[in-house]
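Here is the structure we will look at, set down as structure tokens.
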Amino acid sequence: MEIEREVNERGSISWRANVAHEDTKKLEEDDQLLIKEPAWKKFLGHVGPGFMVSLAYLDPGNLETDLQAGANHRYELLWVILIGLVFALIIQSLAANLGVVTGSHLAEICKSEYPKFVKICLWLLAEMAVIAADIPEVIGTAFAFNLLFRIPVWVGVLITGSSTLLLLCLQKYGVRKLEFLITMLVFVMAACFFGELSIVKPPATEVMKGLFIPRLNGNGATGDAIALLGALVMPHNLFLHSALVLSRKTPASVRGIKDACRFFLYESAFALFVALLINIAVISVSGTVCYSSKISPEDAAKCGDLSLDTSAFLLKNVLRKSSAIVYGVALLASGQSSTITGTYSGQYIMQGFLDIRMKKWLRNLMTRSIAIAPSLVVSIIGGSRGAGRLIIIASMILSFELPFALIPLLKFSSSSSKMGPHKNSIYIIVFSWLLGLLIIGINMYFLSTSFVGWLIHNDLPKYANVLVGAAVFPLMFVYLVAVVYLTFRKDSVVTFVADSCQLAGAFDAEKAAATTGDVDATADGGDSEPVPYREDLADIPLPR
């Protein structure tokens with residue numbers, strides 16, 4: 001019996017060693033294929049997720065906040081756009097890296113890491129972020145219908161849901177073709193603003209000062225800056241990007257992972273650079289035209305309360321009488337394309353946190369119905385002006401919700417238990433946390449000062465102010481406690497999957513044990529005890 005047991009154990013060792021050897025051999029073959037394949041071809045294979053995500057940085061919410069920032073402060077808030085998109089590049093790259101290395105997206109990792117109550121709260125906040133991002137898209141599309149067909153805004157809000165469902169149905173003809181069509185329509189508006197920029201010719205020195213000298217002068221500058229950040233750095237985009245990269249086949253080897261992360265970084269950098277140029281052009285055109293000495297009294301009045309539905313006059317120099325039509329088509333494309341990104345985000349969030357999978361049209365209908373309700377009420381009561389204000393409010397909500405997606409991402413991407421040897425370098429950890437805490441601090445400061453100022457200067461009776469304060473101040477405290485909890489909670493779940501180095505190490509260990517006859521030392525070690533990470537593995541390259 002003893003001899004038979006020893007023979008069986010040696011056979012088990014031999015089988016596991018052969019499996020590890022075969023896996024290692026396959027990974028080495030994948031590396032050889034990666035070496036032989038041209039770099040440009042490998043890069044093209046990774047193009048897609050970054051451009052899909054970048055559409056959210058050109059949605060109606062961004063356009064609304066850009067137009068108002070230019071009309072109210074000229075070029076003074078351009079630095080917010082620059083910092084926001086640099087920060088967006090870093091965190092979107094971290095989200096992509098998290099998906100590539102772990103094989104899971106952010107929502108799935110949150111589900112495995114946090115307790116049930118925290119997980120449910122994060123899911124609700126993520127769903128609220130999707131809805132808040134969907135509100136500007138609903139209103140922007142309604143404005144587009146108003147410009148193109150003279151339909152009242154509230155009717156356009158009702159039509160918006162069905163139009164998006166129709167667009168999603170067109171995916172059966174090919175998602176890439178649909179994405180290409182939408183992207184081209186969005187870039188029509190970009191070309192219009194660049195053309196207008198070449199005509200109005202804003203002073204280059206003032207634009208450069210606005211980009212690199214931070215200023216918050218004038219009434220409402222802080223609120224407009226936070227709205228710009230909220231429209232740029234969206235929480236649901238982090239869930240989306242970490243999931244979209246999983247659609248690409250990445251070899252489970254060190255070289256394959258590093259190459260995938262590098263190519264996703266290049267693609268995101270290019271896509272977000274284009275988004276940066278477009279946002280700069282929109283603000284510069286708005287600031288130049290609205291502060292021009294030759295502006296007509298009618299257009300000057302529009303600049304005093306600029307919104308998406310009154311901005312077509314900014315393109316008169318380029319498009320003349322057809323400016324409203326082209327602007328409306330581009331605004332329609334902007335709203336619809338960013339709606340698709342919101343639908344996918346909601347799908348991944350629901351699947352990741354709750355393990356529920358819904359059909360895209362049903363998911364879109366559910367999210368869109370919730371987003372339509374406040375948009376419809378505001379557009380009926382407040383008209384187009386109220387709808388424009390709702391876009392700004394939605395952008396600020398996104399900014400306040402950002403920590404609940406950003407902090408888990410920063411922690412997971414810097415954790416050895418989640419990323420193994422591919423975790424962030426110390427430079428990225430310090431830089432990303434500093435920027436993240438800066439944005440969170442600005443949000444908290446603006447929230448507290450704005451609310452206190454409103455309590456002091458409103459016309460409500462004293463007892464009403466007491467009731468409002470008693471309801472809001474505890475919520476502010478809970479918000480602060482939640483941010484502190486997410487920041488300092490220690491990760492407990494290991495999700496990093498062994499790569500080729502670990503497989504090779506396991507194979508060598510079992511081979512040595514089989515040679516020496518030390519069966520008990522390796523009978524369980526290859527399956528349960530992790531092999532130490534190789535010290536020579538480099539960090540994933542990220543912007544420094």
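Here are the numbers for this structure:
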quantity: Residue selected from region 388-438 under the condition polar (S, T, N, Q) and in a helix (DSSP H, G or I), by the criterion surrounded by the fewest Cβ atoms within 10 Å (Cβ to Cβ); calculated: 416
quantity: Any hit, region 90-113, residues being closer than 30 Å to residue 217 by Cα and touching a Phe, Trp or Tyr at 6+ places or on another chain (Cβ under 9 Å); calculated: yes
quantity: Which listed residue is out of contact with any Lys or Arg (no Cβ under 7 Å at 6 or more places or on another chain), open to solvent by less than 70 Å² (accessible area, probe 1.4 Å) and touching a residue at least 24 places away in the same chain (Cβ under 8 Å), from 480, 455, 447; calculated: 447
quantity: So residue 141, is it at pLDDT below 70, assigned to a helix (DSSP H, G or I) and surrounded by 14 or more Cβ atoms within 10 Å (Cβ to Cβ); calculated: no
quantity: Counted residues, region 103-153 - those being more than 18 Å from residue 410 (Cα to Cα) and aromatic (Phe, Trp, Tyr); calculated: 4
quantity: Selected residue [crowded, with 22+ Cβ neighbours inside 10 Å and out of contact with any strand residue (DSSP E or B) (no Cβ under 9 Å at 6 or more places or on another chain)] from 39, 96; calculated: 96
quantity: Which numbered condition residue 70 misses (of (1) at pLDDT 50 or above; (2) open to solvent by 10 Å² or more (accessible area, probe 1.4 Å); (3) over 30 Å from residue 244 (Cα atoms)); calculated: (2)
quantity: Residue in region 192-210 that is nearest to the chain's Cα centre (by Cα), counting only those that are closer than 16 Å to residue 72 by Cα and part of a helix (DSSP H, G or I); calculated: 210
quantity: Residue count for region 244-280, restricted to those that are in contact with a His (Cβ under 7 Å, 6 or more places away or on another chain) and under 12 Å from residue 94 (Cα atoms); calculated: 1
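The values are calculated or read from the model by the stated rules, or taken from the named source; none is laboratory data. Small disclaimer: the values here were computed from a predicted structure and weren't measured. Here Cβ is always computed from backbone atoms with ideal geometry, including for glycine, and neighbour counts include all displayed protein chains. What goes into the accessible areas is simple: the full protein's heavy atoms, side chains included, and nothing from ligands, DNA or RNA. Shrake-Rupley method; radii C 1.70, N 1.55, O 1.52, S 1.80 Å.
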